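Peer 1: Just passing along the structure, written as C-alpha cells.
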Ligand SMILES: [Ca+2]
C-alpha cells in the first residue's frame, strides 16, 4: 500500500468506502410508501406528517418515528455543582453519512456565532443510536444561550 492509496478522484466512492450508507433517503424508504415518498407533504425533509412539531429531517437525525408524536431525547444541567460546567446530553442516529451537527451560541438571542463546544460520543446500547455529551466549558458572566443546528447534506428528492 503506497501513501496515495487513499486518494480517490471520485468523492462519492470515497465517501461510501469510509463510513456507512445510512442516509435520509434510506431512512425514508424504510418508513414511507412509494406514493408517500412522491409527495413532499409526507416524506420531504421539511414535512411533519405526524404533526408533532418535528420535521422529517430532524426525526431522522434524532432517531424518532415520523408517524408517532415523539420528541428528541435531550437533557441538560450543571455538572460539578456551583461553578461547575454546563452540560447537555442528547441522542442522535448513529453512522449517518449526510448529517452535520453544530452548536452556536449567543448572549442576546439575536446574534449567533459558532460555539466552541466539546462533545463526547458513545454508542448507545441500541446500536442505531449514539449518546452525546456536550460540554460548554466554564460559565461566563451574564446570559449565555446555545442551540444545536442540524444540517442535512446534499439531499436530492
Ligand atoms: Ca415523530
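Peer 1: Determine which single condition residue 86 fails, assuming it passes every other condition in (1) closer than 23 Å to residue 64 by Cβ; (2) surrounded by 11 or more Cβ atoms within 10 Å (Cβ to Cβ).
Peer 2: Going through the list (1) closer than 23 Å to residue 64 by Cβ; (2) surrounded by 11 or more Cβ atoms within 10 Å (Cβ to Cβ), residue 86 breaks only (1).
Peer 1: Please tell me if residue 83 is at positive phi, assigned to a loop (DSSP other than H, G, I, E, B) and modelled with pLDDT under 90.
Peer 2: Taking the combined requirement at face value, the residue satisfies it.
Peer 1: Let me ask something additional. Which residue is modelled with the lowest pLDDT, if the candidates are limited to region 68-78 and must be surrounded by 12 or more Cβ atoms within 10 Å (Cβ to Cβ) and away from the ligand (no atom under 16 Å from the Cβ)?
Peer 2: Among residues in region 68-78 that are surrounded by 12 or more Cβ atoms within 10 Å (Cβ to Cβ) and away from the ligand (no atom under 16 Å from the Cβ), the one modelled with the lowest pLDDT is 78.
Peer 1: When residues of region 19-56 are filtered for being closer than 18 Å to residue 151 by Cβ, more than 9 Å from the ligand (Cβ to nearest atom), part of a loop (DSSP other than H, G, I, E, B) and without any contact (Cβ under 8 Å) to a residue 40 or more places away in the chain, how many remain?
Peer 2: Residues meeting the conditions: 3.
Peer 1: Restricting to region 132-144, name every residue that is at pLDDT below 90 and within 24 Å of the chain's Cα centre (by Cα).
Peer 2: First pass over region 132-144, keeping only residues at pLDDT below 90: 136-144.
Listed by number, the residues that qualify are 136, 137, 144.
Peer 1: Give region 107-142 a look and list any residue that's in a strand (DSSP E or B), touching a residue at least 40 places away in the same chain (Cβ under 8 Å) and more than 21 Å from residue 60 (Cα to Cα), or say none.
Peer 2: 135
Peer 1: Something else: I'm told residue 59 meets every condition in (1) buried (at least 18 other Cβ atoms within 10 Å of the Cβ); (2) at negative phi; (3) within 16 Å of the ligand (Cβ to nearest atom); (4) touching a residue at least 40 places away in the same chain (Cβ under 8 Å) except one. Can you identify the failing condition by its number?
Peer 2: (4)
The values are calculated or read from the model by the stated rules, or taken from the named source; none is laboratory data. Note that the structure is a prediction, hence the values are computed from the model and not measured. Note: ideal-geometry Cβ built from the backbone for every residue, glycine included; neighbour counts use all protein chains shown.
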